[in-house]
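Reviewing the structure listed below.
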Amino acid sequence: MKSDSFTEEELNYIKELSLQQSTLKQVYFYACVLIAPLAFAIYGFINSDVLAMLIAFLGLMVFVAWFLSQSLSGGRLLNVICQKIVQNLESSSNEQ
């Protein structure tokens, strides 16, 4: 398959997927990101502090929004890449 059939954005995404970090690094990243909202939530629950629980909830909402936006944009690109691969495979099988 020729790499010139992919756009620059698609090639960058393929490279990014091929260089995925280890599972341990991903777990460590998410743990670091989620520890602050969880600490706020626990503090708010123990001390009946509604503001702390609200801050924790908003922090988690921001994280979820960011995570979903990243997942959706990657999914769109992956769909386009897969369609191009299938088209190239079909065209190469028709030529034979």
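Which Cα, out of LEU51, VAL64, ASN88, lies furthest along the positive dipole direction of the chain (beta carbon charges, K/R +1, D/E -1)?
Towards the positive end, the residue furthest out is LEU51.
Given the DSSP H assignment, sum -39500 (n - 2.57) over each helix run of at least 4 residues in the chain and divide by its residue total; what's the result at 222 nm in deg cm²/dmol, nearest 500?
-30000 deg cm²/dmol
I want to check the label-to-label distance for MET61 and TYR30. Put each point 7 Å from Cα in the C-beta direction and report it in nm to one decimal.
In this crude spin-label approximation the distance works out to 2.2 nm.
Going through the DSSP H helices of the chain, which span 24 Å or more along their own axis at the Cα atoms while scoring at least 0.5 as a mean Kyte-Doolittle hydropathy?
Helices meeting the criterion: 23-46, 50-95.
Largest first and to the nearest Å, give the Cα extent of segment 36-96 along each principal axis.
The principal-axis extents, from largest down, are 72, 12, 11 Å.
Under unit Cβ charges (Lys, Arg +1; Asp, Glu -1), what dipole magnitude, rounded to 20 debye, does the chain have relative to its Cα centre?
Dipole size: approximately 240 debye.
Values in this text are rule-based calculations from the coordinates and carry no lab data. Every value quoted in this text rests on a predicted model; they were computed, and no experiment measured them. So basically every Cβ, Gly included, is an ideal-geometry build from the backbone, and we count neighbours across all protein chains shown.
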